[in-house]
Amino acid sequence: MQNKRIRRLATPITAGAVVGITMLGGVPAQAAPITTTFKAACLVTPSAVAGPTTEAQDSSVSIDAPATVNAGEEYDVTIAPPPISYPNSVSGASVQNVSRIKIDVAVPQNAEFLGATIVPGTGSGLSGVTPNVLRVNENGNVDPNGTIIRLSGNNSVIGNGPGASKNSEGGIVAKAVSGEKTTFQLPQVKARLKAGPSGNVDIKLRTAGEAGAWGNDKNFLTFLPKATLVITAWAPTQCTPRNTGGAADPLNSGAGPLATTTITEADKQTTTTVVAPGSVKNGSEVTLTANVNPA
């Protein structure tokens with residue numbers, strides 16, 4: 001049985017300023033979790049009342065992956081987003097919902113991506129389009145050779161995809177319920193991989209190229225809050241692993257590997273040849289030579 005390493009993080013989602021939404025996430029402690037924490041900074045651009053706002057929170061993602069696999073072996077990696085909460089009222093504004101939620105993960109190198117599915121029964125508090133997993137390219141279009149694994153509501157996002165919108169509900173929706181706050185849970189994603197011949201298989205958020213730029217629709221986490229106070233305000237939000245936010249703030253450890261699986265070479269077939277004298281006298285010393293190929 002392969003040893004498994006579990007990485008646990010909790011990814012808060014933040015929207016701010018006019019809409020003033022702060023979504024905080026957390027995951028239950030496990031017996032022996034391996035946790036990597038980092039900051040996620042989000043650019044929030046309200047459609048009315050105020051200008052863009054930056055907010056940063058402690059962030060995380062939960063991953064269950066084997067520590068080692070044999071070359072050519074198929075195995076599963078499970079990505080588990082944390083529960084997320086947002087206040088139902090902010091500065092007199094009534095928060096209606098958060099929609100068009102998507103999380104992007106990079107297709108790992110040194111492995112073949114065989115597909116991914118939603119783990120049944122692991123999401124709650126969601127409506128709108130049923131969450132699914134798609135493989136997309138840099139433009140956000142479905143592509144069997146794409147470099148991104150996307151959890152979304154059938155690719156309904158704020159940008160970087162067909163049918164994107166920043167002023168209408170769509171995709172995965174988390175509607176506000178009665179009380180002071182609303183809590184919802186994005187479902188777990190199970191990805192099937194086939195290990196390459198050697199090296200490491202790293203699971204990373206999407207941060208390469210433009211996805212690592214500040215305030216870009218290609219950022220790994222984007223969503224669309226909606227609130228009303230006389231008028232309706234939309235606040236498209238883009239998040240990257242940064243400590244404080246802004247283009248001058250570099251990506252932090254959240255852009256690095258969240259889980260690493262080491263590939264070990266499978267046993268090789270060898271041939272052993274033993275060389276010995278044809279006959280010897282009783283009591284005489286004998287030298288035997290064994291050659292193993294390959295060594």
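The values are calculated or read from the model by the stated rules, or taken from the named source; none is laboratory data. Source: prediction; values computed, not measured. Glycine gets a Cβ as well: all are built from the backbone with ideal geometry, and neighbour counts include every protein chain shown. Accessible surface areas use protein heavy atoms only, side chains included; no ligands, DNA or RNA. Shrake-Rupley method; radii C 1.70, N 1.55, O 1.52, S 1.80 Å.
Taking trypsin sites (Lys or Arg not before Pro) across the stretch 195-268, the ones in a DSSP loop with at most 13 further Cβ atoms lying within 10 angstrom of their Cβ are K268.
Note on exposure: V274, V189 ranked by accessible area (1.4 Å probe, complete protein assembly) read V274, V189, with the most exposed listed first.
Based on the alpha-carbon gyration tensor of the stretch 133-241 and its eigenvalue square roots a ≥ b ≥ c, which shape applies: rounded if a/c is under 1.5, prolate if not and a/b is larger than b/c, or oblate? The shape class here is prolate. Given springs between every Cα pair under 10 Å in a Gaussian network model of the chain, which of S284, S89, S47 has the largest fluctuation? Judging by the Gaussian network model, the answer is S284.
By definition, a body whose alpha carbon gyration tensor gives a ≥ b ≥ c is prolate when a/c is 1.5 or more and a/b is larger than b/c, and the stretch 34-277 fits this prolate description.
When the stretch 37-171 is described by a simple charge dipole with +1 on each Lys and Arg Cβ and -1 on each Asp and Glu Cβ, the residue from G92, A116, T37 located farthest towards its positive end is G92. Here the simple spin-label model places points 7 Å from the Cα toward Cβ, and for T273 and D143 these points are separated by 5.2 nm.
Of V136, V230, V275, the order by accessible heavy-atom surface (1.4 Å probe, DNA, RNA and ligands excluded), from most exposed downward, is V230, V275, V136.
Once the Cβ-Cβ distance of N282 and A71 is raised to the sixth power relative to R0 = 41 Å, the FRET efficiency obtained is 0.25.
Please give the per residue accessible area of the chain, computed with a probe of 1.4 Å over protein heavy atoms only, in Å². Intermediate results must be reported in sequence, preceding the final value.
Numbers: 13850 Å² over 295 residues.
Counting only protein heavy atoms, the per-residue value for the chain is 47 Å².
Counting only heavy atoms of the protein chains and using a 1.4 Å probe, E74 has close to 90 Å² of accessible surface. Accessible surface of L229, taken over heavy atoms with a 1.4 Å probe and every protein chain present, rounds to 100 Å².
Only the Cβ atoms of Lys and Arg (+1) and of Asp and Glu (-1) were treated as charged; on that basis the dipole of the chain about its Cα centre amounts to roughly 380 debye.
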